[in-house]
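Asks: Below is a structure I'd like to ask you about.
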4 protein chains.
Amino acid sequence: MAIMRLGRVQIRVPNWEKSIFYYKNVLGLIETARDENHVYLKAWDEYDHHSVILQKADTAGLDHLAFKCEFAQDLDLYEQKLSDYGIVVQRVPKGTRIAEGEAIRFQLPTEHWVELYHEIEVVGNGMPLVNPDPWPDHLVGIAPPRLDHLLVTGDDIEGVSRLFMDVFDFKMSEQLVDHSGEGQLATWLFKTNTAHDIAFVKGPNGRLHHIAFWLDEWVELRKAADIMAKNDVTIDIGPTRHGITRGTTIYFFDPSGNRNEVFCGGYITYPDSPTITWTEDTIGKAIFFFERELNDRFMNVNS
Amino acid sequence: MAIMRLGRVQIRVPNWEKSIFYYKNVLGLIETARDENHVYLKAWDEYDHHSVILQKADTAGLDHLAFKCEFAQDLDLYEQKLSDYGIVVQRVPKGTRIAEGEAIRFQLPTEHWVELYHEIEVVGNGMPLVNPDPWPDHLVGIAPPRLDHLLVTGDDIEGVSRLFMDVFDFKMSEQLVDHSGEGQLATWLFKTNTAHDIAFVKGPNGRLHHIAFWLDEWVELRKAADIMAKNDVTIDIGPTRHGITRGTTIYFFDPSGNRNEVFCGGYITYPDSPTITWTEDTIGKAIFFFERELNDRFMNVNS
Amino acid sequence: MAIMRLGRVQIRVPNWEKSIFYYKNVLGLIETARDENHVYLKAWDEYDHHSVILQKADTAGLDHLAFKCEFAQDLDLYEQKLSDYGIVVQRVPKGTRIAEGEAIRFQLPTEHWVELYHEIEVVGNGMPLVNPDPWPDHLVGIAPPRLDHLLVTGDDIEGVSRLFMDVFDFKMSEQLVDHSGEGQLATWLFKTNTAHDIAFVKGPNGRLHHIAFWLDEWVELRKAADIMAKNDVTIDIGPTRHGITRGTTIYFFDPSGNRNEVFCGGYITYPDSPTITWTEDTIGKAIFFFERELNDRFMNVNS
Amino acid sequence: MAIMRLGRVQIRVPNWEKSIFYYKNVLGLIETARDENHVYLKAWDEYDHHSVILQKADTAGLDHLAFKCEFAQDLDLYEQKLSDYGIVVQRVPKGTRIAEGEAIRFQLPTEHWVELYHEIEVVGNGMPLVNPDPWPDHLVGIAPPRLDHLLVTGDDIEGVSRLFMDVFDFKMSEQLVDHSGEGQLATWLFKTNTAHDIAFVKGPNGRLHHIAFWLDEWVELRKAADIMAKNDVTIDIGPTRHGITRGTTIYFFDPSGNRNEVFCGGYITYPDSPTITWTEDTIGKAIFFFERELNDRFMNVNS
């Protein structure tokens, strides 16, 4: 029984045409399917049919996030564990989304909707499984190889973190604690060997802080920033480094106002990795190691 | 029940003093303990007491390799699974090695000795767990952050690979198959989300092809090669890229003749990652993507 | 007759002890001499005795800048050309500065003092001239290989630029023009094959905007920013890119309030390179290509 | 009077169609003109009409190399200096090559033909001269920004080097001397602030060792090697570093057998830079710093 990774995010994009153009041509995801109100996208080095679904909507934000499980029966097992934990679980029937099977669905204490699924069509990464080159030709825009993590805001950071650790066996790589030293302002949790698969920060329930795409090296952040500037994409901050995770980063906004991140680096984690703690008085360095102070947007702008 | 990572390798080094100097000052590992016939070393970003043990010996080679398990009881569980698989398991009592608890020990079909352990002293990565900087001062030499993987040679590649997949739940990221398309010349296996934690290649039983240390970026390979050249370390090949894993690499030799690697990059894996197959006619590109031909040493020199 | 390069800058540093520590241990210049009120420093890959002189002073700022000429007789020739141009030239006798010969001295229309010199003691770059390694051991801090350029402020940008072009045969790589399209807000001038050796921006006469040190690659900007953050150096902006020169950059402040830059990249120039023009409405992108807007400090803070 | 740069090379390519495809699509130069027996190419960041001319021919090799002078009258001045030096100078009339004016032409002691020219059509670098982006879209292949230098072979290394220094005011950045310490096996000469604009190595007269194109960063060498491997280009050696110039490099062959190089890095030079000497016993490290030994091809294969 195991969650394998953050499998997909569904994002609400009121600025519909411009957002589609942006996600395909500037961020450089690949369209794999479309219906009237949704565009299905994948990053180039992902094998599954999609990892990002754009949803036509009146307001920006996160419709839901979803983890892919290793086995079909994981859905039953997690359903039981969630029910035991006091959480109501719904079934999402096969066919609800293009190229996907059944899912289970529940709401976090932070009011975000989460799905777990196993079945999804495999479309490949654009290269053969026999004697492949290291990268395909014809990539467009920033072209991150994969979805990496997301950060959402909510009130009960401790509760939602405990749920992920107790029910899904996530570990905590880092936490930001308040001046009392007891309250968690933010937590970074991992299930894979990366520094974080999901993170939570104090703020309004149900809101999205950012979704992050992976880049392999610091030099690709420069190229990404060039592409953003050439396309008049608004950069929130970066290229810079996070004290937390050590990762290097650019925050920027899609045309609908959802914050995106390209994230690079960070240490490897294992189940026995210690939790690193940041204290509120060093919050600037924790979030933006070079600037050593938060910009207002980090705490106040979400979607 | 889970292996977390390749935890340590014990390497035989006949050229004792020069090898100690090399591992500490050129490769840049940190000495944490020593007895008459062993020097215990760790890479800087590892938290455990050691990951490499140098052993005074008459011949070069690999004494044994060891995986760290998440839970103490994993030793019992794996002992049972191994016995069921027909493999004889020994107990290595606590105190056999400095700073470690009990281990179990068994031999692979390729005659390599493997240990599993859980208990080891934690010494940290040289930085505080509260408000740490991204890297410590005073690193020396190449200074890889961690041990990454190893490649060993043996006759029964298929057998040893099946054992890792059946007993330890490893997955196969890549394989090199012979002209018949049936026989495996080499396999690359992963338990973490990296492209490989251990690999096997056709060759004499019980021999070491190389142990590999992680570097974060391509630019660090240049610095590593500079340091090798400045210290008259013999480079086998590189900086170059592997077709297999896409990783970038330098192979080089310690003063005792054990091949080392600094390895960087490669894709992320998940349990559902497909297995990539390389055919014998493209073996050059598979191993050394830029040179597109094997050097003789790759197939013939091991320790 | 030829200016070879920006040879030295003499900087006023009221915060004396902390500034010496900073230039030696954080920026990583090498001290070569000292008298009561001056510390002489060089970057590691420079051969001459010094390129930066720190001067004990009550206020921050630039005492003077100096160009090194190829031939001893260049001083006479430039003295004549300057006099013909209506500029008063003084002689600075040998012995005025440690390890230097005679210089000539004059004041720009922007009230900055400039010297030209030829004779200076050669101390080497820390490596032999026979069979050298590509870089020396024991570098400290950011360790730029050399001084690169400086930017000063003044009122008569067109006048000072014309002087450099007419008397010293500098060429203009880029200019920033005001809304009228006629007035120059800033100019970037080169004598070597780099994108600029000196630049001028509209502002108070006699003030220093920044002195810039060279770094070879974008990845070194990340390391530099790490070192700044680890040492609580105030970063003005960056790592980012300039639209002008295409160079990548960090601006930051020494403990006395003088702005420093580490600068990397930019195109090569030749005498026939065209002048690139930026219009005032794109001033943000011109100066900070990623942010696409000036921070207030860029136009208002100087020393 | 001044040579500004290596302006063009004319290369003989017997494998005509494949070579054109290679220079345009793999190396990534841009075609600007063509006649029956010539294809004119430029690198993307060059402003002049062309820097490489492919010439249909029966054998590979260098037809001639040419330097661009700053002023039209430089042709007369250099003609006089060459004649005084005992070298016969020819006039190449305007119209001999597409988009070029008159040139002068002479033969080196090493039997290579050299031209000097001033007039050539300017076509720009694909970006506007007002408010340009840092790089254009739609680059193809390796896409070096410019031609950098070339290395040719000949018998009288000392004579040809002296000619460049005496007549054209080149300086010597590095030399490789034989076991006697007196004879020059190779010399590296510069006129710009780069580590070399032309180099000479002992060998048969009139032959080309390689022409080199500039890349800005080490990471682009990896991408270049990937593109070579994907296109089955034969890599001679690299990515590696030269001890000489410190530059990083890949040597590879065009489909006609002419050696190309992508070259990156190396120090900046000035007229007062010292000459670095390499001794024959360290020739391996001098040429290939990582491998520390020459491959046979370096000394024996030329075109």
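Read-outs throughout are calculated quantities, based only on the coordinates presented, and are distinct from any laboratory measurement. For clarity, every value in this text was computed on a predicted model and none was experimentally measured. Quick reminder, even Gly has a Cβ in these numbers, built from the backbone with ideal geometry, and neighbours come from all protein chains shown.
Asks: Spelling out what I want: for every residue of region B:222-233, take phi, set θ = phi - 60°, compute 6.51 cos²θ - 1.76 cosθ + 1.60 (Karplus), and round to whole Hz; glycine and proline get x.
Replies: Coupling constants for region B:222-233: 5, 5, 4, 5, 4, 5, 4, 5, 5, 9, 6, 7 Hz.
Asks: With chain D rotated onto chain A, spot the residue of D whose Cβ lies nearest the axis and note the distance in whole Å.
Replies: Nearest residue, distance rounded to whole Å: D:Val219, 2.
Asks: Taking 1 over the mean of 1/r across every pair of different Cα atoms in region A:1-45, what Kirkwood radius in Å do you get?
Replies: Working: mean 1/r = 0.0848 Å⁻¹.
Result for region A:1-45 stands at 11.8 Å.
Asks: Also, I was wondering about something else. Could you pull the copy-to-copy label distances for D:Thr282, with points set 7 Å along Cα to Cβ, in nm to one decimal and sorted shortest first?
Replies: Relative to the other copies, D:Thr282 has label-point distances of 4.3, 4.3, 4.8 nm.
Asks: Further question on the same structure: Find, among the chymotrypsin sites (Phe, Trp or Tyr not before Pro) in region C:194-268, those assigned to loop by DSSP (not H, G, I, E, B) with at most 10 other beta-carbon atoms within 10 angstrom.
Replies: Answer by residue number: there is no such site.
Asks: Taking θ = phi - 60°, what integer Hz values does the Karplus form 6.51 cos²θ - 1.76 cosθ + 1.60 yield along region D:45-61, in sequence order, with x for Gly and Pro?
Replies: Whole-Hz 3J(HN,Hα) from phi for region D:45-61: 9, 8, 8, 6, 4, 7, 10, 10, 10, 8, 10, 4, 7, 7, 10, 6, x.
Asks: Rounded, prolate or oblate: pick one for chain A, where a ≥ b ≥ c are the square roots of the eigenvalues of its C-alpha gyration tensor, a/c under 1.5 means rounded, and failing that, prolate if a/b is larger than b/c, else oblate.
Replies: Cα axes put chain A in the rounded bin.
Asks: Could I ask something else about it? What is the magnitude of the charge dipole of the protein assembly as shown about its Cα centre, with +1 placed on the Cβ of each Lys and Arg, -1 on the Cβ of each Asp and Glu, and no other charges, expressed in debye to the nearest 20?
Replies: Dipole size: approximately 0 debye.
Asks: Taking 8 Å as the Cα distance limit and 6 or more residues as the minimum spacing, I'd like the relative contact order of chain C as a percentage.
Replies: 17 percent
Asks: Another question, if that's okay. Return the FRET efficiency for the residue pair C:Val140, B:Arg34: r is the Cβ-Cβ distance, R0 is 30 Å, and the value is rounded to the nearest 0.05.
Replies: 0.50
Asks: If you line up the Cα atoms of region D:146-300 on their principal axes, what length do they span on each, largest first, in Å?
Replies: 44, 30, 27
Asks: Still on this structure, I have one more. Beyond 19 Å, how much of the Cα-Cα pair distribution for region A:3-117 remains, as a whole percent?
Replies: So the portion of pairs separated by more than 19 Å is 47 percent.
Asks: Let me ask something else about it. Over region C:210-257, how many percent of alpha carbon pairs lie in each 5 Å bin up to the one with the longest distance?
Replies: 5, 19, 34, 26, 12, 4
Asks: Output the direction-averaged projected area (hull surface divided by four) of the convex hull of the alpha-carbon atoms of the protein assembly as shown, in nm².
Replies: For the protein assembly as shown, averaging the hull's shadow over all directions gives 48.3 nm².
Asks: Under the 0.36 nm per residue contour assumption, what length would be gained going from the current alpha-carbon distance of B:Glu70 and B:Lys94 to full extension?
Replies: Using 0.36 nm per residue and subtracting the Cα-Cα distance, I get 6.9 nm.
Asks: First check a/c for region C:72-206, with a ≥ b ≥ c the square roots of the eigenvalues of its C-alpha gyration tensor; if it is under 1.5, answer rounded, and if not, answer prolate when a/b is larger than b/c or oblate otherwise.
Replies: Here region C:72-206 falls in the oblate category.
Asks: Quick one: what are the phi-derived ³J(HN,Hα) couplings along region B:4-16, Karplus 6.51/-1.76/1.60 with θ = phi - 60°, whole Hz, x for glycine and proline?
Replies: Going residue by residue, I get 9, 5, 5, x, 7, 10, 10, 10, 7, 10, x, 7, 4 Hz, with x marking Gly and Pro.
Asks: Using amide H atoms built 1.01 Å from N in the peptide plane, name the residues 5+ places from C:His118, or on other chains, whose amide H lies under 5 Å from its own.
Replies: Residues meeting the criterion, in which the H sits 1.01 Å from N, are C:Cys69.
Asks: Also, I was wondering about something else. In square nanometres and to one decimal, what's the mean projected area of the convex hull around the Cα atoms of region B:201-286?
Replies: 6.9 nm²
Asks: Let me ask something additional. Percent antiparallel among DSSP beta bridges with both residues in chain A, to the nearest 5?
Replies: Bridges in chain A that DSSP calls antiparallel: roughly 70 percent.
Asks: What percent antiparallel are the DSSP beta bridges of region A:3-117, to the nearest 5?
Replies: Counting DSSP beta bridges with both partners in region A:3-117, the antiparallel share is about 75 percent.
Asks: Turning to a different aspect of this structure: Taking square-rooted eigenvalues a ≥ b ≥ c of the alpha carbon gyration tensor, is region D:86-160 rounded, prolate or oblate, where a/c under 1.5 means rounded and, failing that, a/b exceeding b/c means prolate?
Replies: The shape class here is oblate.
Asks: Residues with amide H under 5 Å of A:His64's amide H, sequence separation 5 or more or different chain, H placed in the peptide plane at 1.01 Å from N; which?
Replies: A:Gln10
Asks: While we're on this one: Under 5 Å between amide hydrogens, which residues at least 5 positions from A:His210 or on another chain qualify, with H placed 1.01 Å from N in the peptide plane?
Replies: A:Leu151
Asks: Projecting each Cα onto the charge dipole of region B:146-300 (Lys/Arg +1, Asp/Glu -1 at the beta carbon, about the Cα centre), which of B:Ile211, B:Ser273, B:Pro255 comes out farthest on the positive side?
Replies: Comparing the listed Cα positions along the dipole, B:Pro255 ranks first.
Asks: Given 0.36 nm per residue, what is the gain on full extension from B:Lys81 to B:Asp296 after removing their alpha carbon distance, in nm?
Replies: Going from the current span to full extension adds 73.5 nm.
Asks: Turning to a different aspect of this structure: Can you flag which of D:Lys94/D:Lys223; C:Lys191/C:Lys285; B:Lys24/B:Lys191; D:Lys56/D:Lys202; A:Lys285/C:Lys191; C:Lys230/D:Lys230 are past 31 Å Cα-Cα?
Replies: Checking Cα-Cα distances, D:Lys94/D:Lys223; A:Lys285/C:Lys191; C:Lys230/D:Lys230 exceed 31 Å.
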